[in-house]
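The values are calculated or read from the model by the stated rules, or taken from the named source; none is laboratory data. This structure is a prediction, so every number in the text was calculated from the model and none was measured. Cβ coordinates were reconstructed from backbone atoms using ideal geometry, including for glycine residues, and neighbour counts include every protein chain displayed.
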């Protein structure tokens, strides 16, 4: 039997984690429910998933795009709001979907719903498509009988998140291209240009010619790269792969997030993105009727930053002991004062979700401005770096030529 890892809430709304063997995710969900736990996330362990990857390769090799998920959510909301039954709406959307991955996923969900499962439980079987926020909001919408309204909220939230991700990716695309060009230019100069220049200088000045220190260093680097490329390239590639794998681990993610929060300029954007995600996710969950502690637990994981996740988990413990969330957040410097102030107003007026939406909108605009600002700085910085590299190589070439010409004249 495959092994599954789960995250669930007990009767005291405390998060518990564990793993067990079962036939499928539905069996895990039923077993946890019988024990009095409320499942939040159920994922198949990598070893178990590896066994089924050959069977699911053709149908699940492609991910569901965010645009397809937003369109599905909006269409489902409209159909349910018009009085169409859930099963009929899902069947119609599955038949007309242009996304093979979404169509395959919906066919499995329809089978579960036809078998009597809740819609939220059916969605929870596909964590790569429907995250914790999506599943918990749908579960709250089903309980309150306002599924169409909840789906509208979800679609709007997904559009906002997708827009922010696209802006960050587009802002980073140009700097990454410049970095790639710089690296390629460096290797090209070291492997092809510098060796020829070294030979030319040796021909002009003879084997005993005294070359400047900068030229000797450049020639030594070039010689090392030419003679030991078969060691250098695997070491570089291996280091990059190892670094990425380490960052994917919990410990690596935490170290990486700690580092990024210390980098000037970058830390400002990361903080604003984290606050915007938390405010929008938490407001959506609270507005859907999800309990505060559960909303905090889900929002912590939705931010995508281990440091903020730990802070919110600790905040959940303090809220459980009777403190106001605004009071707990105000004590942490990673959250801006405006967040705790606005949250305090929301707690007093009973409109926390409405207030936090405004906070999210504000910080998303701040993220846009910050990205534009750092992009305008990165471009000249990279050009300056490339110019400096070319200038360094030029100096290493011109200095010995000038010295040799003086010796010839003398």
(request) Give the residue, chosen from 246, 308, that is free of Cβ contacts under 8 Å to residues at least 24 places away in the same chain, part of a helix (DSSP H, G or I) and more than 22 Å from residue 369 (Cα to Cα). (result) 246
(message) Between 365, 348, which is out of contact with any helix residue (DSSP H, G or I) (no Cβ under 8 Å at 6 or more places or on another chain), modelled with pLDDT of 90 or more and assigned by TED's automatic domain parsing to the domain that holds residue 162?
(response) 348
(request) Specify the residue that is surrounded by the fewest Cβ atoms within 10 Å (Cβ to Cβ); the eligible residues are those in region 204-214 that are at pLDDT 75 or above and assigned to a helix (DSSP H, G or I). (result) 213
(request) Can you run down the residue pairs with Cβ atoms below 6 Å, 6 or more apart or on separate chains, where the first is in region 249-270 and without any contact (Cβ under 8 Å) to a residue 24 or more places away in the chain and the partner is in a helix (DSSP H, G or I) and surrounded by 11 or more Cβ atoms within 10 Å (Cβ to Cβ)? (result) 252/246; 256/247; 260/266; 260/270
(request) Could you grab me the full set of residues in region 302-329 that are touching a helix residue (DSSP H, G or I) at 6+ places or on another chain (Cβ under 6 Å) and closer than 20 Å to residue 273 by Cβ? (result) 302, 303, 305, 306, 307, 308, 309, 312, 313, 315, 329
(message) All but one of (1) more than 30 Å from residue 384 (Cβ to Cβ); (2) surrounded by fewer than 16 Cβ atoms within 10 Å (Cβ to Cβ) hold for residue 151; state the number of the condition that does not hold.
(response) (2)
(request) Run residue 217 past the list (1) modelled with pLDDT under 80; (2) in the same structural domain as residue 368 (by TED's automatic domain parsing); (3) in a helix (DSSP H, G or I) and report the number of the one that doesn't hold. (result) (1)
(message) I want to confirm something. Restricting to region 17-46 and keeping residues that are modelled with pLDDT of 75 or more and within 24 Å of the chain's Cα centre (by Cα), which single residue is farthest from residue 121 (Cα to Cα)?
(response) 17
(message) Among the listed residues 124, 140, identify the single one that is crowded, with 19+ Cβ neighbours inside 10 Å and in contact with a strand residue (DSSP E or B) (Cβ under 7 Å, 6 or more places away or on another chain).
(response) 124
(request) Check off (1) under 24 Å from residue 361 (Cα atoms); (2) part of a helix (DSSP H, G or I) for residue 255 and give me the number that stays unchecked. (result) (1)
